[in-house]
Structure formats: structure tokens, C-alpha cells
4 protein chains.
Amino acid sequence: MIIVTRPDITESQLEEIRERVESHGLRTHISRGDRRTIIGCIGDEALLQEVALLALPGVESVTPILKPYKLVSREFAAEPTVVRVGDGPGRSVGGRELALIAGPCSVESRAGLRAAADAVLAAGAGMLRGGAFKPRTSPYAFQGLGEEALRYLAEIREATGMPVVTEVMDTRQVELVARYADLLQVGARNMQNFALLSELGRAGRPVLLKRGLSATVNELLMAAEYIMVEGNRDVILCERGIRTFETATRNTLDVAAIPVLKRETHLPVIVDPSHAAGRADLVAPLAIAAVAAGADGLIVEVHPCPGRALSDGDQSLAPDAFVDLMRRLRPFAEAAGRVLAVAAPAADPAFA
Amino acid sequence: MIIVTRPDITESQLEEIRERVESHGLRTHISRGDRRTIIGCIGDEALLQEVALLALPGVESVTPILKPYKLVSREFAAEPTVVRVGDGPGRSVGGRELALIAGPCSVESRAGLRAAADAVLAAGAGMLRGGAFKPRTSPYAFQGLGEEALRYLAEIREATGMPVVTEVMDTRQVELVARYADLLQVGARNMQNFALLSELGRAGRPVLLKRGLSATVNELLMAAEYIMVEGNRDVILCERGIRTFETATRNTLDVAAIPVLKRETHLPVIVDPSHAAGRADLVAPLAIAAVAAGADGLIVEVHPCPGRALSDGDQSLAPDAFVDLMRRLRPFAEAAGRVLAVAAPAADPAFA
Amino acid sequence: MIIVTRPDITESQLEEIRERVESHGLRTHISRGDRRTIIGCIGDEALLQEVALLALPGVESVTPILKPYKLVSREFAAEPTVVRVGDGPGRSVGGRELALIAGPCSVESRAGLRAAADAVLAAGAGMLRGGAFKPRTSPYAFQGLGEEALRYLAEIREATGMPVVTEVMDTRQVELVARYADLLQVGARNMQNFALLSELGRAGRPVLLKRGLSATVNELLMAAEYIMVEGNRDVILCERGIRTFETATRNTLDVAAIPVLKRETHLPVIVDPSHAAGRADLVAPLAIAAVAAGADGLIVEVHPCPGRALSDGDQSLAPDAFVDLMRRLRPFAEAAGRVLAVAAPAADPAFA
Amino acid sequence: MIIVTRPDITESQLEEIRERVESHGLRTHISRGDRRTIIGCIGDEALLQEVALLALPGVESVTPILKPYKLVSREFAAEPTVVRVGDGPGRSVGGRELALIAGPCSVESRAGLRAAADAVLAAGAGMLRGGAFKPRTSPYAFQGLGEEALRYLAEIREATGMPVVTEVMDTRQVELVARYADLLQVGARNMQNFALLSELGRAGRPVLLKRGLSATVNELLMAAEYIMVEGNRDVILCERGIRTFETATRNTLDVAAIPVLKRETHLPVIVDPSHAAGRADLVAPLAIAAVAAGADGLIVEVHPCPGRALSDGDQSLAPDAFVDLMRRLRPFAEAAGRVLAVAAPAADPAFA
């Protein structure tokens, strides 16, 4: 941490700053310039976190230098973390295999979910997504089927072997959702719902953590730190577009966040091109760009009939568009050194 | 809602769109231009909310026209809502009286809170703020004293008569916090924690709803709608700065949100200049600008010794700076047609 | 400037960084932490500006500490600069008098401009604005009357005594516009048109420099530095709203930029509420908030008949709305310690 | 264009709006809802561009429906435009060949430029970039060698056969720069320097138009329209990152802008990963992502010795890093259906 002082600082003010810093166990280096004195604070910056240095007389600015995260950082774990969501090919995230999660925005019916699952499995997806509890901007919009949807997800996992991913919105739901789902999702609007993060740190299930609409990469990593500090190391980060002034897309996919995160953390990074794009015809180019930039996987909205979807229909791919995406994606995935797990259509013919 | 079609749309595609819209109970007006046909949808747009019109063949764009909120809108209640947080002067928000809420970011100790309460009461504040549960970016930062802090707040309300405001971060805390506090605050990071909003709609206490860092005015109003739809009409909106590219301040105070909200809703609007500014020397000009622009009140961080605060010390006012703010504020409040309630120093001399 | 090194830096890499910095005339302080070594660079940071420190092996991050501006800074001139645009009351910016510039977005006709001038003069404005060369997003939109407009502006200055303000868009126009106008405006889109800024530094006329749509306060000050370094000290800064995600207003007025600029620079700061708001009904609250926050003046779009304006009609005030704004503004200006110059209606009855 | 009226509109106000619209040659469709009447305006919306509809009594909102651009739109030219910058392979932009422009940020010396040119040519680049006039935030920073740099660029084109690209910052420089360079660049800060755009529309040279830091895709297209309307059809668009709240990268590469632009316009789209990233280690993943997303080419900063560069050294690739990028890029380019022109090392051995 670097403290720059005002030109008119007095010696006793300087001394007070120095004492305050050193009383927290850091050392100081004082460099006197022509107009300003600079105080370098050497040691664990986290110890200064609660100290209101700007409020001290004579301080002009305070600049943190070191990263605030620990458990998520590359320095904590040299090897990339591979999160296993289930057994068999296509069920891990962070290794050579490209993780492909697909399915409807919301679970709307048992039959519809099964149709979606069969379609994405046949096309090569390894995991199934589907919302049971839906965060909607309007209280008048469809809020999801709740536990009924969780039961359908579990049924279809039994039938197809695909692990299932679904969102948790409330600390009170964590236990319930963890009973049914293989991977628990934190939505963008809850990325800094710290009570929920802590609860998920104790849930005994891997977590898919989506970046908030206006969260920095730093804040995303700190949110993951909240989960890890409770003992859960199976955290998957997800870039899904940030909010900017541009309205041509629903959000602005921050494709650079992928290599930035890869440099900073050992955790796997996947991308949600559907929420970034906001319209189906842009999903494929964004998905391909994400894999090219080094993403460990994708989570894509696919609906048997997007025009009839109860939520996010505008950005959902129809099954044939998803097949087409998978076909187009393959050479890019290979160029990125990734393996596409062959779909194992373990569908139970008795189901339906 | 206005649907613009692609130049190459076919008659049968056009017919399908029309049928889809009308099947939800709206009427359509079709206007054929030289290159594009425009379909106006007349009726309750909320009924089209779940319909994925963009996913239909031949559709180029879909533009909502009407506002999605109902209970919060000016059309629902012609008269401004006045929220009463307690009895006596300085305890209502939305009327002629300027509401002044002040106090420390976090409750750190019984004596510290009492010192802050005495200071802000003497200076003219009508309500006391103080965090018990703190949302912190880092899991290693001070997280608040929890229920202990709630007890101190209640004690000091008894002693001073000031209603107390504190944040709720988790649905599981609502009942507990509502037992102690007079006004329940939703923090910016939880503005779209819909489970929490719904729970607060049933909590039987007024709610102070802070705008999210990247929430639009529209989304803030929809969040308030979530609370109102559960039966709670006592919602106070709070502008506290949005996230932009500018780093000279912690957030960018969107002062225009005040008149925009006043035009759209009957709910009262207050401003938090402390979080917008991020440093104490900018709090006064932002507070004054907010009142000049029509805010119904302010919520300001005041700490007996900002340099020793465990959180937000950089942006907290010392007691004398708060007295100075109140003095400078008075002529602007009067110019805005507002009354500053005279402080009633009902301090209990036996306390301490 | 602070250089943080990577954990794996070698001694020879460290030495190379040190030599590079010292070869530019700065001193270094090396602080060895547990994992990272921090190099403080003491001296004139501007000398390091061209040095690609991040490109050196072993460097993790580089953080500038000191401000890059000189002539515009408070340290360069302790006293606030007062820019005199003309003689008599209401013609200076930066002193006790509140500067009020008003008039149409574009000069559309001689009679229309005269009507606007008479109206704003009668209401208390001290200077007249009017665009001759208009920067328009579309090449098909009205581009201004050019030199004809300049002649009208000069005529009306003769008739009314009001100094006139108009925009320069091109280095080739500077001489022409300076022949007619008293105050040369740089529009938001040209804030970093460095050739134009340099030319205006030699134009012998005061300059009104508008903040770019996505310019930081720092960049605005550096743009002013471009003008001052050529010898022109009469620079007025203008906050006019920045581009954010919020669409309820045309731009987001950054009201905090006013006190931030006041702290950093001796130059006067005015505000354009019309472009920030984008609609007439929000102009008054933004104007009032700006003056309350410490602005030295306002520049407001006023049109004799906004519904007939060729540009920016949506955000232009009709004359009676401007009169109303002036009336509402007065107590706030007084609360801010400002004087409103009495309008001197020196209109030439023979004109028209 | 859709006009929504206020609930309290009168019949005569409605009639006035209708007349105003129809007087500009458009037809109107009036749809009366329960609370609001909606007026659809059918015809050429450009004719309503200057009409201040919001200023009319009874109007609540005005929503444009159709696109404001013409010459740049897909509807104007069904086939993609291929801009030829020179003869031979690697000198066209917009066809199957991937356009690769590389070279130093600034031309610093004849020998340095030659070294850069040889390196990028050998690695497979088809065109050479190099700044002669540099837009710098600070007036104290290196401003470029001016015409001397232009002479070096022309010399090296003669020696190597590579077309050269350089920036024009001022209308007064257009003729001079066009004498030396093959492709004239408009920098991000000048994207809405409309005088410059118009001048370039008459310059007789292809133009590389960079997106402004906070320009929407729509505004970028309108800026291109300014060039095309003067008769110049050879416009290349360049995405180079936008300004957002995220500071982990210099700018946020808006990778979705590539497919959005491809859908809207026939003009070629290239990407500048260097300015988006702001640091060399992120250039390769962004370059690869851009090509995967459908970009027609790249413009990359390469310097013989980035640590010694006079500008943008932090984000410049060393020659070996550029060779590495080209090697990594090839399979992605092929997956995208692109051809990499084989480098023709036509270096003149007598040169030096």
C-alpha cells in the first residue's frame, strides 16, 4: 500500500500516519520528494484493510498494491483446479475436456425438459441446465416451478446420466437444491449475496459462480474467496457479460476476462454466451470466441421451441441451432487444444 | 409494444406474429412501410412479457412502450407517499420535513454508537443508522457485530427516541432485525435479491431500498414493486451512486435520478452522499446538491472518530463536520421548500 | 510511481528496472516484502511517461502516484482563475457572480436568434450561446448555418451587449470563429481533438472546454493543459454529463465532478444541464443541483419555440420556462454565496 | 417512430402531433389504448430527425424504430465490401484473406521502423502500421515525428512492398498524409470529428475508422456514413475496446460488436487487440478470439524492443511474440474459413 501525502503535511502528521501503519504490523519506507512524501507500507496489506488512512490529516491518496485474494490465487495453487461434477466423460470442468452445459432457461414441464435434455445430450453436451427458482426483474413474470422442477431435473439425471445444474437464490433453499442438483449456480444478481456465498461454501456441492453485471474481475474473485474460505474448493467462475452503455447486445461479453482470470486464479472459467448476447443469432460467434480465448467450457440456453419459452426465449437456441453450434465449435476447440467429449446417449427408452 | 419486421418477411410469418400477440389478449395494428412492416400491440404489455417474440421468424426488433411497474407508479397513487418511521418531528420521509438519517457505517461498540447518536441528534438528525450485518467485498474484513449490534441500536433508541435503521442481508435475518429496528435497509448489492425483497414485503416494517451499483431507475422501481406487491407500501428509495468509468469518486452520484424518480413514482427518494463520494470532503457538496435537486432526505455516515472506524472511515464525517454540513445545508433546504426538524435532545442522562 | 515485481523476479532483472528508472533522473527506493519487491520511484514522474516499464521482465504492475497536470493544478495557481468574457456585470466566470449563458442550440435565423437573445437577457442571462457549426451524429441532420450564423451572433452582440459563445469544430475554423465570437467552445466529442486544443491555445480568446462523454476528470484537466501550455490561461471547464448504462436521461450528470474539479484546479467550472438531461422538464433540477454543488455558472439551451427547433428541441427551454428556472435558482445561488447579476436590457429598439 | 402520449392528452394536442408528423411527409397510425394513445409514424424517419416531438404538449416518449444509416447498411449493398489497400496477397480487407496489419505504435526512427517492418513481414503481416502524428493524453508526451515519419513509411513501402497505415488527426494534415500513406486511420478520439470524416470522404484513399471509446455500434456506423456520403466507399471499421468500469484491461474488447456489425453493414471489420488489452500478454488471446468471432483482420502493435518504445511499449509485442501469435492464430483462422496470405519477404538487401 502506498500513501501519498499532501504538500502541506507536517512532521507530526507524518509521524502519526507512520505509527498507525506500523501499529498494524507493517513496516514503512518514507521517500521524501520535492513536493510530496510517499510512504510505502511493506507487509500484509489485508491488515490495513479496516484502517481509514484517507481520514488521517495530511493524506492525499492511498493506493493498494497487492491482490486482496488468497485461496483463489495462482500463488495458492500452482496447478489448475479441475472440478468434477459427475463421473464419465464431459462431467469435469477445468481439464482438457471442454465442459458443455446446455438446457432451457427455466424448467417448464417434465416433457419439455426431457426433450431439451435428449437434444443437448445427442448434440454432445455433458451437463444439463434448467432453472427451478428464477430471478426475474418483474414480480409479475414467471418465477419458476420450484421443487417440482428440481424433481424433474433429478429424474432426468437418472434417465440420461447427465449431471444437472440449477440456480439457488436464497440461503433457505441451499439444502433443498443441494439434495437434487449436482452443481449449484449463483446468478449474476446474487454474486455479492455474501450470506448465500458462505452457505454454499458449506453445501458439499460444486458451485457455478456467475459474474455480477457490474462486478470487476477482482470482485468476482473475492466472491469465490467467500465460498472457498468455508472449505469448498470446487468453484467454477462464469463470465456472462457486463453492463455497459452499448445496447446492441443485452450485455457486453468481456472476453478478456477469460485470460485475465486464467492468469490470476487456478479456478476454471466458463462462459455464458446466451445472457451476454441476448439474442439467439449472436450466441454462436460469442461461444466460439470464448473457447478461442481459453474458456474451459460453455453454458448455453437451449429450448425445444424458443418461441414458446416462458423465459429467455429470445436468446435460446433451438435444438438444430445447438447442433450447428457444436459442429462449428469443434475445429476451434481443437485449435485451442481442447477435447470435445463424445456424447454418450444413455437415454432410457422406457422414459416418457 | 412495437414489433418491427425484417424486409424479407412473408405473409404467413406476419400472420403467425399477429396470432401470437392476439392470443395473449392484445390487439394489433399493422402498418406497412416501404421496406418494413410495423406491428403495434395494443393492450396490457405485461401479458407479452413471457413471449419470445424475437425468436419468431421475420422479427427484427421488439420495443416495449409502456412502463412495467404498477403499484409504485404515479398513476397508482396521485399523492406522494409519506413513510412514517416513528412518532414526532424528523421521523417521516416524503413530506415537507427533510429526513435526516445519520450514524456510523457499522455498530462497533455500545459506547461508540451512543457517542455517534448523541452527536447526530444534537446536530439535527432525526434517525440513527448503524450496520449490524455488513456486506463486505472481502471475507477477511469486519462483518459486523450481528445481534449484539441490534441490541445496542434498540437500547439507544430507548434512550434517545431516535428510530434506528439497519441493513438486512439474508432472508433468515428478517424476523430478527425487524424485532429491533424501525426501518429495514436493503443494500445496493441486494437490490435484486428477490427472495429478500419478497420477505421484506411481509415484514411489517418500512423498507429503505438502495439502488444497485448498476441498476437502472426502472430496475429500482421494479425492485420496489416486489416489496409492494406483498402488501408493504412503506418503501423509501435511495440513490447512492452508480458504477461508471470515473474513478475520482467511489461511485457516480446520479443526481438526475431524483427528479426522474419523482416523476415516475409516489414513493419518497433519499440520497446517500457518503457511498457516492467515498471520501469525506465530498460528502457535503453532494448532500447539498441532492437536497437542491429535490431529495426527501439524506442518509449520512458519521463516526465519532473516522480515522478509527472499522469500515468506511474514509467517507465518514466526524461530528464537527456533520454539524458543519447541517449548518450549510439549512439555506438550501429552505430554498427547496423543506423544513429541518429541530433536534429534540431527549438523551437519557442515566445512560452510559 | 510504484513498480511491483513478480514473485519470481531475479536480482539482475531487478537491477535492470532500477537502472532504467534512474537513467531518467529519478531515484528509487527498494522495499523487499515476503513475496514481492516494491520499487518506489522518487522524482518527476513525467520523465517516466514514455518508459514501457510493464514490458520489462519481472514487472507485475506499475502505478502512477502523482498527478500528470501542472498548469491547471491548484499548486500552480493558488487563487481561483476568473475568466473575463466581456465587460460589465454577468460577463465573468469564476468569481462571485454566477455566470449564466443561454440561447438556442443552433442559430437558425437572425430573427429567431434575436428573440432568444432578448428573452434570455430579460430573464437575467449574461452571455448568449448559439451554434454556427454543429456536430451531428448523422450527416443527414442540420449542420448549422456556418459563417452566416457567426454574423448574426456578432450583430446581436452589438445590439444587446451580450458576449457570444459558439462552437469550433475544426482547426481551419478557429481564426474565422475567433473573429466573431467572444468565447470559443470545444464540444464534448472534440475534447481530445488535440490539434484543435493546441490551435485554441493560440487563438487569443477564452475557451469553454466541454468534458467528453467518456472522459475522466483527469483527462478533462489534461485537455485543458493542452490549451494552457500554448499560452492561453482563459479556460472554462464544463461538465455536461457522461455516458453510462442509464437511459432515463441522455447523459448522467456527474455532479461530483464539480467539487472534485474545484479541489484539483484553479480554473472555473460550469455545467450544461440541457445536454445532461436530454429533456426540458429535467433541466431546472439539474441546474439547481449544479449551482448548489458549487458550479461557477450554467450554460442552458433556450429556444423561442422548442417544438420548432432544428436541433435539441427536446431539451430546450421555452422562454417562460427559463424565466421560471431563473426565479427558482435565485435562492439556491444565494445559499451558495453567489450573486446573480441583474440583467441590463440594453436592447437596441431599432433592431428587427 | 413511435410516439406514446400522456394519459391526460387532449384531442387537440393529439391532432397537433399528428399534423406535425404528417407535415413532414409521413403517415400516422393512431392506436387508442386504455390509458395511452400510441401514434405510429410510417415513412422515412430521417425526416423527423429535426423535429422536437418530445417538446410538444401531451407527448410522453418518442422511440425511433428504423436504423438511421443508409450507405453503410446491408440493405444498400448485399455483397460484403472488400477494400483493396494494395496489390498482391495480404493487401485486401473483407475477403477470404485475413488482413494482418502490424508495426510500431509510433515511428521513432528509420532503422527502428525498418526492423519492425522486416519482422512483421517475415512473420506474415501484409501491411505496416506506424504513427507519425500521435494523439497523446498529455501535451508533454512524445507527439510523433510528423512528416519525417511519413517519409520513412513511404521509403519502407518502396523497399518491402507493404502498404502503410498511419493516423490523421487534423483536417489540415489529410492531403499531406494521403500523399504518403495507403490507408488513412481515424483514431478512437476522433471518431466523431465530423470535419475530419468529411475531409477523408474526399481524400481518395481507403480509411480505417476506429470505434470511439464510448461510441455505440450505431454511432460507429453513422461515422462511417459521414465518410461514405462524400463518395468514399473504402471504409474499414475497427473495434478496439470500449471504456467500462473494469480496470483489469485498458479497455473492454466488445467482441460481440464483430457479429453485430457483420449483420448490419457490408463494410469489413477488423480488431485492434493491443489497445483493448493494454498489456502484451493479453494480446494473443484477444486476437484469436476476434478472428474466431468473425473479424476480417487484425491491427497489432509490434516493436523491435517494447521496453524501449516511446509510446505504448506496455502493449507492444516483441517480434518473437508476434511470430508466436501468428503461429497460434493459424488454426483458428482456418477454422473460421480464412486464408493467411503467405509472407513474401521481398526485403531489399541494399536497404539499411
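The values are calculated or read from the model by the stated rules, or taken from the named source; none is laboratory data. Every value quoted in this text rests on a predicted model; they were computed, and no experiment measured them. Glycine also receives a Cβ, built like all others from the backbone with ideal geometry; neighbour counts cover every protein chain displayed. For the accessible areas, the whole protein counts, side chains as well, though only heavy atoms, and no ligand, DNA or RNA atoms are used. Shrake-Rupley method; radii C 1.70, N 1.55, O 1.52, S 1.80 Å.
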**Message:** Considering only the stretch D:123-146, I want to know if a residue exists there that is under 29 Å from C:Ile227 (Cα atoms), of a type in the set (A, V, I, L, M) and modelled with pLDDT of 95 or more.
**Reply:** yes
**Request:** Select the strands (runs of 3 or more DSSP E) contained entirely in the stretch A:4-113, then report the ones holding at least 3 residues which are more than 10 Å from every other protein chain (Cβ to nearest Cβ) and open to solvent by less than 40 Å² (accessible area, probe 1.4 Å).
**Result:** A:99-103
**the stretch B:289-307, subset without any contact (Cβ under 8 Å) to a residue 60 or more places away in the chain and assigned to a helix (DSSP H, G or I), residue farthest from C:Thr247 (Cα to Cα)** = B:Gly307
**Item:** Members of the stretch C:254-293 that are open to solvent by 10 Å² or more (accessible area, probe 1.4 Å) and farther than 25 Å from B:Ala280 by Cβ
**Value:** C:His275, C:Gly278, C:Arg279, C:Ala280, C:Asp281, C:Ala284, C:Pro285
**Prompt:** Among the listed residues B:Asp314, B:Asp324, which satisfies the condition of being in a helix (DSSP H, G or I), open to solvent by 10 Å² or more (accessible area, probe 1.4 Å) and modelled with pLDDT under 95?
**Reply:** B:Asp314
**Prompt:** Just a yes or no: is a residue in the stretch D:226-238 within 30 Å of B:Ile242 (Cβ to Cβ), in contact with a Leu (Cβ under 6 Å, 6 or more places away or on another chain) and within 11 Å of another protein chain (Cβ to nearest Cβ)?
**Reply:** no
**Message:** Exactly one condition in (1) at pLDDT 95 or above; (2) of a type in the set (A, V, I, L, M); (3) touching a helix residue (DSSP H, G or I) at 6+ places or on another chain (Cβ under 8 Å) is false for C:Val59; which is it?
**Reply:** (1)
**Request:** Output yes when any residue across the stretch B:137-149 is hydrophobic (A, V, I, L, M, F, W, C), touching a helix residue (DSSP H, G or I) at 6+ places or on another chain (Cβ under 6 Å) and open to solvent by less than 10 Å² (accessible area, probe 1.4 Å), and no when none is.
**Result:** no
**Prompt:** Do you know which residues across the stretch D:192-219 are free of Cβ contacts under 8 Å to residues at least 60 places away in the same chain and more than 28 Å from D:Asp87 (Cα to Cα)?
**Reply:** D:Gln192, D:Asn193, D:Phe194, D:Ala195, D:Gly212, D:Leu213, D:Ser214, D:Ala215, D:Thr216, D:Val217, D:Glu219
**Prompt:** Looking at C:Arg172, is it in a helix (DSSP H, G or I), more than 14 Å from every other protein chain (Cβ to nearest Cβ), open to solvent by 10 Å² or more (accessible area, probe 1.4 Å) and under 30 Å from C:Leu221 (Cα atoms)?
**Reply:** no
**Complete:** Across the stretch A:255-288, the tally of residues that are in contact (Cβ under 8 Å) with a residue 40 or more places away in the chain and in contact with a Ser or Thr (Cβ under 9 Å, 6 or more places away or on another chain) stands at 11
**Prompt:** Pairs under 6 Å by beta carbon, first residue free of Cβ contacts under 8 Å to residues at least 12 places away in the same chain in the stretch C:88-114, partner part of a loop (DSSP other than H, G, I, E, B), six or more apart or different chains?
**Reply:** C:Ser92/C:Val82
**Request:** Mind listing just one residue for me: the one in the stretch D:157-169 that is within 14 Å of chain C (Cβ to nearest Cβ) and open to solvent by 10 Å² or more (accessible area, probe 1.4 Å) and, of those, nearest to D:Gly103 (Cα to Cα)?
**Result:** D:Glu167
**Message:** Could you tell me how many of the residues in the stretch D:119-136 are surrounded by fewer than 23 Cβ atoms within 10 Å (Cβ to Cβ) and either under 14 Å from D:Glu155 (Cβ atoms) or without any contact (Cβ under 8 Å) to a residue 60 or more places away in the chain (or both)?
**Reply:** 1
**Complete:** Reported set for the stretch A:172-204 where residues are of a type in the set (Val, Ile, Thr) and farther than 20 Å from B:Leu197 by Cα is A:Val177
**Item:** B:Asp320 being more than 10 Å from every other protein chain (Cβ to nearest Cβ) and within 30 Å of B:His266 (Cα to Cα)
**Value:** no
**Request:** Could you tell me whether B:Ala116 is of a type outside the set (Ser, Thr, Tyr) and open to solvent by less than 30 Å² (accessible area, probe 1.4 Å)?
**Result:** yes
**Request:** May I ask you to list the residues in the stretch D:251-303 that are more than 9 Å from chain A (Cβ to nearest Cβ) and of a type in the set (Gly, Ala, Ser)?
**Result:** D:Ser274, D:Gly278, D:Ala280, D:Ala287, D:Ala295, D:Gly297
